[in-house]
Amino acid sequence: MEVSFTREARMLRLGAGETFHGEGILAITKALLQAGVSYVGGYQGAPVSHLLDVLVQSRAYLNELGVHVEACSNEASAAAMLGASIHYPMRGAVTWKSIVGTNVAADALSNLASPGVIGGALIIVGDDYGEGASVVQERTLAYALKSSLLLFDPRPDLAHMVRMVDEAFALSEAANTPAMLQLRIRACHVRGSFACKDNVAPALSRHHLLEQPAGFDYERIPHPPATYRHEKRKHGERMPAARQFIVRRALNEVFAGPRDELGIIVLGGLYNSLVRALQQFGLADAFGASAVPILVLNVVCPLVPEEIGGFCAGKRAVLVVEEGQPEFVEQEILAILRRQDVAARIHGKDVLPMAGEYTIEVIGRAIAEFIARAAPDLPPDAGREWLRALDARRRAAAAALPAALPLRPPQFCIGCPERPVFAALKLAQQDIGPVHVAGDIGCHSFATFEPFSIGHTILGYGMGLASRAGVSPAMQRRTLAVMGDGGFWHNGLLTGVQSALFNAGDAVLVILKNGYTSATGTQEILSSPDGAQAADAEDAGASRVHRSRVIESTLAGIGVKWLRSVNSYDVAAMRRAFDDAFTTDFQGLKVIIAEGECQLERQRRVKPWRARLRRAGKRVVRVRYGVDEDACSGDHSCIRLSGCPALTLKASPDPLRVDPIATVIDGCVGCGLCGENVHAAALCPSFYRCEVIENPHWRDRLAASLRRAVIGLLQPA
Ligand code: SF4
Ligand code: SF4
């Protein structure tokens, strides 16, 4: 892991009397240590990667406290780690990205929730929902409901979120039930401050070891007949205990307001957006004082019927602000009020959209509708004017544009080693014909966008090979599965490779070995190159990914017989490897390992190394590619084969050629793909390779002078 979190790691050491200033996710990380957590684990993913990254880099300090931290191989192993809290009074926390991570962890979560815990068990899920999300749009609440987990959705305020971490551990212990703390993207990134407490060294830890394991207790095993009793206890004992705790500790908050005949029930994570929307209508101030009373549900599961009924009693109408679908909370509120004969009219998904992120504008439109239906006496003019102005601005922007702006899909980084693999695949398909491509999760999923548009399906992280199992037998041509090295270790090795070998699957798998789980923030994996290997500065510019052979030896060890390693940037060799894999007589799994270090990681290492050399007055060479503008015909086939953002267009300097020509801008990192494509695809000869030399030797200067002189002689006078 190359990104340094030194500053963040320092902030974890803050103690009583000091103030933390920073982002929500780091505040939660600090809160875990203040709560006396014994062990922490997880699998990185937006928007909670930061938590695990910071803790992994703070191992030395955590060792001082006695806290164990583990970078788990996937979310299932993280959830299983919480098994420590089933028998032992140890607080543990794990983290991952939801909903995908929760899907992976589901088996362990069910088996954890069934016997329950005695030590506080907390799962911090990054809720990747809404605009900017990168996963399927589903709700974590569904898991909490089906497994009877506690679910916190705290109001985004640092001091409050830190308190909720403490309360979540305490509630987990009081109800013998694992708790989830859902952090929306905005809650992760909200900034603020809170008064710190000292970190608490856990009572059971590496420094205070257990003398004996717990005694055997069949009630802690999720096997029948214990499971029948577990199910009864969940609803007969644990959830009632949780509801009592929630009321006793006032975990949900009521903000009173003068318009008592109305009310709003909001899930905690949406509170800030709600208040901002109310402000536009003149119904709240910047500090949250609202004309309409608000019930903030910091705990979304379980709901407390008495709280819901008490808040709604005597009100004419209540708006429920609940993002996503189905509207679990709204439905439960309706059932609670019906049972209690509370007559308040409930509005929710009738004025709010069923799907999509609840931005301030979306909530504002719902408030306008709510007011129109439930309180027409309220003066909504300011809000309506604000919404009209937003519409007018959109119309004006649309009118000012000659046409709709072109889409700007996400892209591989400049010089990414995965881009050449898909360029080669495009070329290989000219030889072998179109193939079914089972895609996967990772940076390589950018290949589904232009100019590649490669990949028929994506079924999950590490699922590429498994997801072609039903297609292969029905296809004349072999199928191709794509997998990253991150996905390989996450679960692709077992769900894909092992299954294909066991079932004698005749498929082709390309593993993009860039050395890291790049898509989640370039975290290290089992096959990452050893950081110590780059210690000597002279070597720091070289690719390190080739040095690890763990994936190759693992594949050979479990019986892969057809295995090729190819340099990603060698497009011609990669094309030949694809051709061979698709046409060989060998029946069985064929694996191509595309080796090329993640360019993002490489640049993080290379740039400071070059800067040091430059400062020391040493010779620095940077490779760049360019396009000869006299030779470029303007057909842009190079761009269609590459998609590198550094390879773009500019106006032709020749007045007789009206089409724009290709050009390479300064961001080029000299990966070489432009040159490779020219040869592999037999494109026009307009590309050139050059070396930009800083602090040149006398030999460089002499060579440059000679070159200039020869060119001068050849130029017409
Ligand atoms: S992070 Fe690395 S692997 Fe991912 S697109 Fe960028 S260079 Fe490629
Ligand atoms: S050589 Fe071409 S593909 Fe590679 S970074 Fe430069 S412009 Fe991009």
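The values are calculated or read from the model by the stated rules, or taken from the named source; none is laboratory data. If you're wondering where the values come from, they're calculated on a predicted model, not measured in any experiment. Note that each Cβ is placed from the backbone with ideal geometry, even for glycine, and that neighbours are counted across all protein chains shown. Heavy atoms of the whole protein, side chains included, go into the accessibility calculation; ligands, DNA and RNA do not. Shrake-Rupley method; radii C 1.70, N 1.55, O 1.52, S 1.80 Å.
Details
- The charge dipole of segment 431-540, taken about its Cα centre with unit charges on the Cβ atoms of Lys, Arg (+1), Asp and Glu (-1) only, comes to about 680 debye.
- For segment 273-348, the share of accessible area belonging to carbon and sulfur comes to 49 percent (1.4 Å probe, ligands and nucleic acids excluded).
- Based on protein heavy atoms only, the chain ends up with 44 Å² per residue of surface accessible to a 1.4 Å probe.
- On segment 191-272, 55 percent of the accessible area sits on carbon and sulfur atoms, based on a 1.4 Å probe.
- Value at 222 nm in deg cm²/dmol, rounded to 500, when DSSP H runs of n ≥ 4 in the chain each add -39,500 (n - 2.57): -10500 deg cm²/dmol
- Portion, in percent, of the accessible area of segment 1-101 that falls on carbon or sulfur, probe 1.4 Å: 54 percent
- Peptides 446-459, 473-486, 614-627, 177-190, ordered by how many other C-beta atoms sit within 10 Å of their residues on average, highest first, read 177-190, 473-486, 446-459, 614-627.
- Remark: the Cα gyration tensor places segment 245-365 in the rounded category, a/c being less than 1.5.
- Peptide ranges 394-401, 284-291 listed from the most packed, as the mean C-beta count within 10 angstrom indicates: 284-291, 394-401
- Anisotropy class of segment 17-70 from Cα gyration tensor, a/c 1.5 cut: oblate
- Lys, Arg +1 and Asp, Glu -1 on Cβ, resulting dipole of the chain about Cα centre, debye, nearest 20: 1060 debye
- Accessible surface, 1.4 Å probe, highest first, among residues Ile441, Ile711: Ile711, Ile441
- Positive-end residue, segment 406-530 charge dipole about Cα centroid, Cβ charges, pick of Gly492, Gln523, Pro410: Pro410
- Between the residues Trp698, Val342, His189, the greatest Cα displacement towards the positive end of the dipole of the chain, with unit charges on the Cβ of Lys, Arg, Asp and Glu, is found for Trp698.
- Gyration tensor (alpha-carbon) shape descriptor, the chain, a/c threshold 1.5: prolate
- Estimated FRET transfer efficiency (Ser4, Gln137; beta-carbon r; R0 41 Å; 0.05): 0.75
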